[in-house]
Amino acid sequence: MAGVSRCMKYSMFIFNFFFWVCGCIILGFSIWIRVSSTQQGVESSILGGVNLLIAVGAIIMVLGFLGCCGAAKESRCMLMLFFIALLLILILQITGGILGAVYKSQGEEVFRLTLNATVSTLQDTSGEHKEYQEAFQKFEREEKCCGLLDGPKDWGENFNKPSSNICQCELEKPSPDLCIQYQNRYIYKKSCGEVIVQQIKDNLVIIMGIAFGLAVVEIFGLVFSMSLYCQIGRK
């Protein structure tokens, strides 16, 4: 029994040491991004994601610390705290996945309303949103798309401004799959809203894969911690 306990103890320690190192990396990297973003005046929506990363890194660090110390000192109290915290995180992940599936249609509707609200920004002629409009035109050129929902119509009067190259199809030989003729000029056929939705779907697949991988790791952590907890209790 002692050999099995020692093997379980070292396995638990190594597992949580790497867990703690990952937390340190995430926390340090996200703090660096947060400081750099503040100095450069980045939008608050991006800072919100960075703040979430800081919280995640801190939580992973604490969990790794509890697991390492609990295994090294054979502390049942620390192991139980580690088990409970990891179990709560796993439950939250499962709950978040279920809620995401249940409220998928509501989320799509909110996203559509967000796109509708952004269209008015593209149509603004006061110059207040000039930087955003220029950034969006760059996105159009990179992704070969036009507008958000209704193509060139989303730009309103801005589309017809002299010297305007909005949605201009920059291919030497415009392909009918990518470009269409509109008001005597070739523009990109696909709306950028479709591109954004596809990017979100692609990222969701990656996120789901990462979440599944984390869930497997967390289950192993739960099994290790509870097994070691029970073995220490029998000594």
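The values are calculated or read from the model by the stated rules, or taken from the named source; none is laboratory data. Worth saying up front: this structure is predicted, and the values here are computed from it rather than measured. Methodologically, a virtual Cβ is constructed for each residue, glycine included, from the backbone with ideal geometry; neighbour enumeration extends over all protein chains shown. Accessible surface is based on the protein model in full, side chains and every heavy atom, while ligands, DNA and RNA are left aside. Shrake-Rupley method; radii C 1.70, N 1.55, O 1.52, S 1.80 Å.
Side notes on the structure shown:
- Selection from region 209-222 of residues that are without any contact (Cβ under 8 Å) to a residue 40 or more places away in the chain and either open to solvent by 80 Å² or more (accessible area, probe 1.4 Å) or closer than 18 Å to Leu99 by Cα (or both): Gly209, Ile210, Phe212
- Members of region 125-145 found to be of a type in the set (Lys, Arg) and in a helix (DSSP H, G or I), listed by number: Lys130, Lys138, Arg141
- Residues being buried (at least 19 other Cβ atoms within 10 Å of the Cβ) and not in a helix (DSSP H, G or I) - total across region 146-165: 3
- The set of residues in region 119-145 being surrounded by fewer than 17 Cβ atoms within 10 Å (Cβ to Cβ), of a type outside the set (Asp, Glu) and under 23 Å from the mean Cα position of the chain (by Cα) consists of Tyr132, Ala135, Lys138, Phe139.
- Scanning region 185-229 for residues that are within 21 Å of Asn116 (Cβ to Cβ), among the small types (Gly, Ala, Ser) and in a helix (DSSP H, G or I) gives a single hit, Gly193.
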